[in-house]
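Engineer: Quick one: structure below, then a few questions.
The values are calculated or read from the model by the stated rules, or taken from the named source; none is laboratory data. All figures in this text were calculated on a predicted structure; none of them were measured in a lab. Reconstructed Cβ throughout: ideal geometry from the backbone, glycine too, with neighbour counts over all protein chains shown.
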Amino acid sequence: MADVDTLKAELKKLNARATQAKMDLHDLSEELPTNWERILDVAQAAHDAHAALMAARRQLAEAAP
């Protein structure tokens, strides 16, 4: 059960990180064309955050009975 609790805690952190990355991408899009040079960096950060979140969700689903 400790592993599931650990995964849930990690999932909560990853969810917060993914949400922040989504907001960063949204904020950047509203500022365009200002800071257009940051599009790839911000989009990659959002992609990575959401990929980690989805992987953690799959891992939790496999670990939970």
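Engineer: Output the residue which, of all residues in region 49-65 that are assigned to a helix (DSSP H, G or I) and free of Cβ contacts under 8 Å to residues at least 12 places away in the same chain, is farthest from K8 (Cα to Cα). Show your work before the answer.
Structural biologist: Within region 49-65, the subset assigned to a helix (DSSP H, G or I) is 49-63.
Keeping just the survivors that are free of Cβ contacts under 8 Å to residues at least 12 places away in the same chain gives 51, 54-55, 58, 61-62.
On the way: A51: 16, M54: 13, A55: 12, R58: 12, A61: 10, E62: 12 Å.
It comes out as A51.
Engineer: Looking at (1) among the charged types (D, E, K, R); (2) surrounded by 13 or more Cβ atoms within 10 Å (Cβ to Cβ); (3) without any contact (Cβ under 8 Å) to a residue 24 or more places away in the chain, find the lone condition where K8 falls short.
Structural biologist: Of (1) among the charged types (D, E, K, R); (2) surrounded by 13 or more Cβ atoms within 10 Å (Cβ to Cβ); (3) without any contact (Cβ under 8 Å) to a residue 24 or more places away in the chain, only one is false for K8: (3).
So that you can scan it fast, the table gives a plain yes or no per residue for (1) over 15 Å from the mean Cα position of the chain (by Cα); (2) within 30 Å of D3 (Cβ to Cβ):
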{"site": "L14", "(1), (2)": "no, yes"}
{"site": "T19", "(1), (2)": "no, yes"}
{"site": "L28", "(1), (2)": "yes, no"}
{"site": "N35", "(1), (2)": "yes, no"}
{"site": "D41", "(1), (2)": "no, no"}
{"site": "D48", "(1), (2)": "no, yes"}
{"site": "A56", "(1), (2)": "no, yes"}
{"site": "A61", "(1), (2)": "yes, yes"}
{"site": "A64", "(1), (2)": "yes, yes"}
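Engineer: Further, regarding this structure: Please work out which one of (1) loosely packed, with under 12 Cβ neighbours inside 10 Å; (2) closer than 30 Å to E62 by Cα; (3) modelled with pLDDT of 95 or more is the condition E30 fails and give its number.
Structural biologist: (2)
Engineer: Mind checking whether some residue in region 39-61 is surrounded by fewer than 14 Cβ atoms within 10 Å (Cβ to Cβ) and modelled with pLDDT under 95?
Structural biologist: Yes: region 39-61 contains one or more residues that are surrounded by fewer than 14 Cβ atoms within 10 Å (Cβ to Cβ) and modelled with pLDDT under 95.
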